[in-house]
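A.B. asks: Just passing along the structure, written as structure tokens.
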Amino acid sequence: MKFEEFGLENEKTLMLLPGTGCTWQINFGGVKEELEKKYHLICVNYDGFDGDKTVSFPGMISVTKKIEKYIQKNHGGKVDGAYGSSLGGSFVGLLIQRKNIHIDHGFIGSSDLDQGSPFAAKIATRIIGGTLQGSLHDPGKRKRLFKLFELVLGLKADDKVREFAEQYISAMEDYHPDAIMREYYSDYVTPLENGIDVPGTTIHVIYALKMGKKYEKRYLQHFADPDIIRFDMAHEVWMFDDKWRKPVMDAIETRMEGDNER
């Protein structure tokens with residue numbers, strides 16, 4: 001695990017938790033500069049994705065425990081906010097439900113929160129995880145990955161989408177060989193409680209409407225009275241699309257500056 005801190009020393013803390021197969025550099029690279037002008041950032045790279053190719057991703061709970069330990073040791077067991085992009089939103093949910101650290105504002109960034117049986121997880125991992133993991137050396141899988149990004153992001157393969165995809169693929173050189181597959185599988189089979197409700201914590205959902213209506217039902221299932229912030233965009237596209245960057249960042253800033261009472 002690797003933790004790096006940036007930004008303003010005496011401002012509110014905001015932890016950044018990347019999504020499937022991502023480092024924080026890839027996931028938040030386009031918005032880090034703006035965020036560090038307002039917050040003290042805690043940027044996380046999970047085991048298997050931190051440059052140490054000898055260690056793979058150990059599982060969602062093991063990584064959650066390491067995050068808790070770091071926050072307890074270095075931040076008195078509390079952060080003002082945590083933004084979990086995609087899979088990172090599962091970590092936000094786990095950290096809040098376990099109550100070993102306190103998060104005032106938990107941001108769920110277009111997370112699908114998909115869960116299922118080990119059997120279903122193996123099939124999904126073989127299809128999706130295999131495409132992600134194998135795209136580094138397999139031209140066919142690389143082509144399918146570009147199509148997947150187009151579909152998920154709701155954008156044509158313009159220069160920005162292609163640049164992101166190339167960064168995503170190239171970074172795999174530094175990952176443990178099976179890190180993505182293990183990460184994808186573990187996220188799928190690790191349960192998140194229903195009706196999570198912690199005093200002093202507010203869940204904010206950056207809900208990309210183009211993902212589909214079923215995801216809102218999951219947010220309402222797992223979290224009690226979440227603050228659902230709707231944007232007519234695709235999955236986490238605000239990270240590199242100028243049209244959505246400011247509206248989403250303004251929404252985050254408004255919540256972070258609030259009194260946390262709903």
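Here, each number is a calculation from the coordinates, and none is a lab measurement. Given the structure is predicted, the values throughout are model-derived calculations rather than measurements. Quick reminder, even Gly has a Cβ in these numbers, built from the backbone with ideal geometry, and neighbours come from all protein chains shown.
A.B. asks: Pick out, from SER110, GLN167, ALA120, the residue whose Cα sits farthest towards the positive end of the charge dipole of the range 90-213, with +1 on the Cβ of Lys and Arg and -1 on the Cβ of Asp and Glu.
C.D. replies: Value: ALA120.
A.B. asks: Shifting gears a bit: Using the beta-carbon distance between LYS69 and GLU5 and R0 = 22 Å, what value does 1/(1 + (r/R0)^6) give for FRET efficiency, to the nearest 0.05?
C.D. replies: 0.90
A.B. asks: Related question: When the expected Rg is taken as 2.2 N^0.38 Å, what fraction or multiple of it is the alpha-carbon Rg of the range 52-199?
C.D. replies: The range 52-199 yields a ratio of 1.14.
A.B. asks: Given LYS99/LYS213; LYS147/LYS213; LYS53/LYS243, which pairs have Cα atoms separated by over 26 Å?
C.D. replies: LYS99/LYS213; LYS53/LYS243
A.B. asks: Kindly identify the range 1-107 as rounded, prolate or oblate by the Cα gyration tensor criterion: order the square roots of the eigenvalues as a ≥ b ≥ c, call it rounded if a/c is under 1.5, otherwise compare a/b with b/c, prolate if a/b is larger, else oblate.
C.D. replies: Cα axes put the range 1-107 in the oblate bin.
A.B. asks: Please report, in debye to the nearest 20, how large the charge dipole of the chain is about its Cα centre when each Lys and Arg carries +1 at its beta carbon and each Asp and Glu carries -1 there.
C.D. replies: The dipole magnitude comes to about 880 debye.
A.B. asks: In addition: What are the trypsin sites (Lys or Arg not before Pro) within the range 5-39 that DSSP puts in a loop, where the Cβ has at most 10 other Cβ atoms within 10 Å?
C.D. replies: Listed in order of number, the matching sites are LYS37.
A.B. asks: In the chain, what is the volume of the convex hull around the alpha carbon atoms, normalised per residue and reported in Å³?
C.D. replies: Spread over its residues, the Cα hull of the chain gives 116 Å³ apiece.
A.B. asks: Okay, next question. Once both labels are modelled 7 Å past Cα along the beta-carbon direction, what's the ALA171-ASN100 spacing in nm?
C.D. replies: 2.5
A.B. asks: Taking the beta-carbon count within 10 Å as an exposure proxy, list MET60, MET172 from fewest neighbours to most.
C.D. replies: If I rank by nearby Cβ atoms, fewest first, I get MET172, MET60.
A.B. asks: Here's another thing I want to ask about it. Select from LEU17, GLY76, LEU35 the residue farthest towards the positive end of the dipole of the range 1-102; place +1 on Cβ of Lys and Arg, -1 on Cβ of Asp and Glu, and compute about the Cα centre.
C.D. replies: Result: GLY76.
A.B. asks: For each of THR13, THR201, count neighbouring Cβ atoms within 10 Å of the residue's Cβ, then give the residues from fewest to most.
C.D. replies: With the fewest neighbours first, THR13, THR201 line up as THR201, THR13.
A.B. asks: Per residue of the chain, what 222 nm ellipticity follows from adding -39500 (n - 2.57) for every DSSP H run with n ≥ 4, rounded to the nearest 500?
C.D. replies: Calculated mean residue ellipticity at 222 nm is -12500 deg cm²/dmol.
A.B. asks: Just need the Rg to Rh number for the range 188-262, please, alpha carbons only, Kirkwood Rh.
C.D. replies: Here Rg/Rh amounts to 0.99.
A.B. asks: In the structure displayed, which of LYS160/LYS246; LYS32/LYS141; LYS32/LYS73 lie more than 22 Å apart, Cα to Cα?
C.D. replies: LYS32/LYS141; LYS32/LYS73
A.B. asks: Put +1 on the Cβ of every Lys and Arg and -1 on every Asp and Glu Cβ in the chain; which of PRO226, ILE196, TYR215 then has its Cα farthest towards the positive end of the dipole?
C.D. replies: Going by the Cα projections, it comes out as TYR215.
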